[in-house]
Amino acid sequence: MTLTLRLILLVLAIVLTMLVSGAYIALDAVRGNVSDEVESSARLTMQLLSAALISNHTENPTQAQQILLDHLKGLDDIRHLQIAVVRADGTAILPFSERDNIDAREIPGWFIRLIAPAPTEYHRRIASSALGNSEIVVVPNPYAAIRQVWQEARSILGLILFFTLVCLVLMTFTIRRALRPVNDISTGLGVIQSGDYAARLPPFRLPELDRLSNQFNHMAQVLEAQEQENHRLNKRLLAVQESERRHLSRELHDELGQSISAIKVMAVNLRQNPSPSPEGANAIIGVCNQMYGVVRDMMNRLRPVALEELGPVTALERLVDGWNDRQEERFCALSISGAYDDLDEETAINLYRIVQEALTNVARHADASKVTIDIERRPDGGIEMTIRDNGRGFDDRTTHKGMGLLGMRERVQSLNGKISLASQPGEGVSIAITLPFNPLEQNE
């Protein structure tokens, strides 16, 4: 069931409830009014008849009877009453009028049962030489009043139904027009679900829907920016992979290939000139040592061996010492507090790579003379790291697209950590990183 249909049915139920309640109250009031009106007419008629009988002093009985019957026939024209004169043996001198049956046929039976008061009769005994022992019977006739109420109620009910239909039509049009933006939002969500993050919603008139449109557009903008950043990271990842492959290929060709060729040449010379001189063996040993150094450097590029052999603290110290040895105009001061032997492998390697990437960024972009790296272990086992330099800095209000910072951010987020950056032109860069505690036992 659609929202539009639910709202229409809800409003219709409220209107019908109000109509039924109002009709019940109105019918109860009308029933009382009809009963009071008919009863008052009957009582007044009885009083007039009594007065007429008392004041009738004619000496002629036949004339008196005719005067009384004419008077009663005149009263029979009153719409709320039926009058008859009945002898003691039940014969009717003046029968009831048939007008009540005509009135009753014009009104629905269910409406009569709702409105009609309880039937009552009023009797007035008379004794005269002309009429004998007889009585006047006055029966209240509510059908005329009920017919009038029915005609008025039918007109009012028709008018109410007409306005109800008009209101339902207008309400349906208004609700559908007001909920039209919901279809636009649903369509936009479907486009986002399909992977097209360029979808945007137009502004809406309703403040609530307009706020929803702004939030939707902000979400789509963030998703689009994230998708673009992922594309850049993937492109950078492929470029780094190709760079590492080229570097390894060059190292294998230039270093190992030449060293193996040199060993082969020296071995051939030793076979052709088997002299006891140790110079050939020493030369081979020298080439092998060189090959061992090259292989060790390649292994360190692929994965820091010191992490597994000496632990994260010593590995970081050697990393910083090696960087300081290669830098003539820069110096990095490293401060590490706390124990780190219980770090899991993923946290340890990412911590090492973050520091390595930070030092690479300083050497390439910062133009700094001093770098400080403070690593501290919190009581709950988490790690807080601060990296500062006194380089040229940049405006941190602009989106910085450096791959080094993006790589650091990706590593921190992969550990469910937090990273914040603060920088101003000419004031260097400060990076604060918080990493949660991931004990070694969880990964075993």
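Nothing in this text is a laboratory measurement; each read-out follows from the coordinates by a stated rule. Keep in mind it's a predicted model, so treat the numbers as computed, not measured. Here Cβ is always computed from backbone atoms with ideal geometry, including for glycine, and neighbour counts include all displayed protein chains.
Tabulated values for the structure
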{"quantity": "Stretchable slack from L421 to L9, in nm (0.36 nm times residue separation minus alpha-carbon distance)", "calculated": "142.7 nm"}
{"quantity": "From phi via Karplus (6.51, -1.76, 1.60), per-residue ³J(HN,Hα) for region 310-327 in Hz, x at Gly/Pro", "calculated": "10, x, x, 5, 5, 4, 5, 4, 5, 4, 5, 4, x, 5, 4, 5, 8, 9"}
{"quantity": "Per-pair calculated FRET efficiency, R0 = 51 Å: L189 and I156 via Cβ, rounded to 0.05", "calculated": "0.60"}
{"quantity": "FRET efficiency, R303 to A198 (Cβ-Cβ, R0 30 Å, nearest 0.05)", "calculated": "0.15"}
{"quantity": "Theoretical FRET efficiency, 1/(1+(r/R0)^6), r = Cβ-Cβ of A432 and D325, R0 41 Å, to 0.05", "calculated": "0.90"}
{"quantity": "Packing rank of 172-183, 146-157, where each peptide gets the mean count of other beta carbons within 10 Å, highest leading", "calculated": "146-157, 172-183"}
{"quantity": "Selection from G188, V222, T172, by position along the positive dipole direction of region 161-309 (Cβ)", "calculated": "T172"}
{"quantity": "Segment S249-A26, extension gain: residue separation times 0.36 nm, minus the distance between their alpha carbons", "calculated": "70.4 nm"}
{"quantity": "Full-extension gain in nm, K264 to T314, via 0.36 nm per residue minus C-alpha separation", "calculated": "14.1 nm"}
{"quantity": "Relative contact order of region 102-233, pairs being alpha-carbon contacts under 8 Å that are 6 or more residues apart, as %", "calculated": "15"}
